[in-house]
Amino acid sequence: MLTRYLAVWLLVLTGLAGLAPVAAAQPAQEAAAVSGPTAYPSEASQWPGKGVVRVFGWMVDNRREFWRQREHERGRVVFAGDSLVAGWRTLKQDFPSVPVANRGIGGDVSRGLLFRFQEDVLDLQPTTVVIQIGTNDLSAQQAPADTVSNLVAMIEMARRHDRGLPIVVCTVPPRAHPQAPIDPAKWRELNAGIRALADRQAGVSVVELAEPLSAPDGSIDPRYFATDRLHLSAQGYERWKSALEPVLAPLRTSRR
């Protein structure tokens with residue numbers, strides 16, 4: 001069992017998990033639990049939003065841990081997304097004056113984040129929400145318009161929760177894992193849709209990651225990526241931090 005679990009985990013680390021949707025559900029008795037995260041739906045038709053859905057065992061485990069932490073992580077800047085967020089191990093040290101909560105899950109897609117957005121993000125009563133999602137949508141060959149639609153649905157949820165909540169959406173970095181390729185044209189289309197959110201949605205800021213982490217020709221800049229050419233290196237996270245700092249500072253001031 002352990003060998004099988006590790007094998008599936010390695011698929012996500014290399015980006016292979018984005019090649020095919022996988023759906024699963026928590027046990028029925030957990031769905032009926034008095035206190036705990038809502039079980040993932042067992043049928044794709046039961047999920048909100050559009051596009052690919054999938055669930056792996058560690059996603060269930062991650063959400064249980066998020067639930068246990070929720071009481072003491074309220075009122076923070078919440079980072080939500082996939083493994084690019086989850087892998088930011090130095091997040092708290094990188095923003096020492098900003099209380100943060102990390103709600104990234106490896107392998108997640110935009111529809112998965114939309115499903116858990118209320119419980120994992122908004123229920124924390126965040127002061128600001130930072131969203132980074134979409135790379136796994138691209139490797140799963142999802143239409144960029146569906147990813148943008150799911151992002152708009154998250155923003156609308158946030159507005160119903162707190163009309164003045166600042167929301168920061170990050171563009172999707174390049175990736176070059178040979179076993180989990182993406183269509184460069186769709187990558188550009190998705191990022192164009194994300195950039196347009198700042199014009200279409202009040203209170204939404206966009207932080208650019210695509211260009212800062214790319215070489216001049218649009219390919220990845222290897223300095224900012226791990227050896228899998230998918231996840232970020234320490235320098236990549238430093239680059240992300242530098243892009244975020246000038247955006248987060250005035251937002252925090254305005255909410256005091």
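The values are calculated or read from the model by the stated rules, or taken from the named source; none is laboratory data. Treat the numbers as computed from the prediction; the structure is a model and nothing was measured. Quick reminder, even Gly has a Cβ in these numbers, built from the backbone with ideal geometry, and neighbours come from all protein chains shown. Areas reflect the complete protein model, heavy atoms only, side chains present, ligands, DNA and RNA absent. Shrake-Rupley method; radii C 1.70, N 1.55, O 1.52, S 1.80 Å.
Numbers below:
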| item | result |
| --- | --- |
| Separation in nanometres of the label points that stand 7 Å from Cα toward Cβ, at S219 and D123 | 4.5 nm |
| Solvent-accessible surface (1.4 angstrom probe) belonging to E65, in square angstrom, nearest 10 | 70 Å² |
| Accessible area of the stretch 171-254 belonging to carbon and sulfur atoms, whole % at 1.4 Å probe | 53 percent |
| Reachable lysines, given that their alpha-carbon falls under 26 Å from the alpha-carbon of K50 and they are not under 8 places away in the same chain | K186 |
| Within straight-line cross-link reach of K241, aspartates and glutamates at Cα separation under 18 Å, skipping those fewer than 8 residues along the same chain | D82, D94, E208, E211, D221 |
| Neighbourhood charge, 12 Å Cβ-Cβ cut-off, centred on W240 and excluding it, Lys, Arg +1 and Asp, Glu -1 | -2 |
| Cα→Cβ-extended label distance, 7 Å offset, between R68 and A226, nm | 2.3 nm |
| Overall dimensions of the stretch 85-193 as given by Cα atoms, namely Rg and Dmax in Å | 14.4, 42 |
| Accessible surface of the stretch 75-144 [probe 1.4 Å, protein heavy atoms]: carbon and sulfur percent | 50 percent |
| Label-to-label distance, nm, for residues given as K92 and Q46 (7 Å Cα→Cβ offset) | 3.5 nm |
| Mean accessible surface per residue for the stretch 123-256, computed with a 1.4 Å probe while every protein chain stays in place, in Å² | 43 Å² |
| Descending semi-axes in whole angstrom, ellipsoid equivalent of the stretch 131-256, from the Cα gyration tensor | 26, 19, 11 |
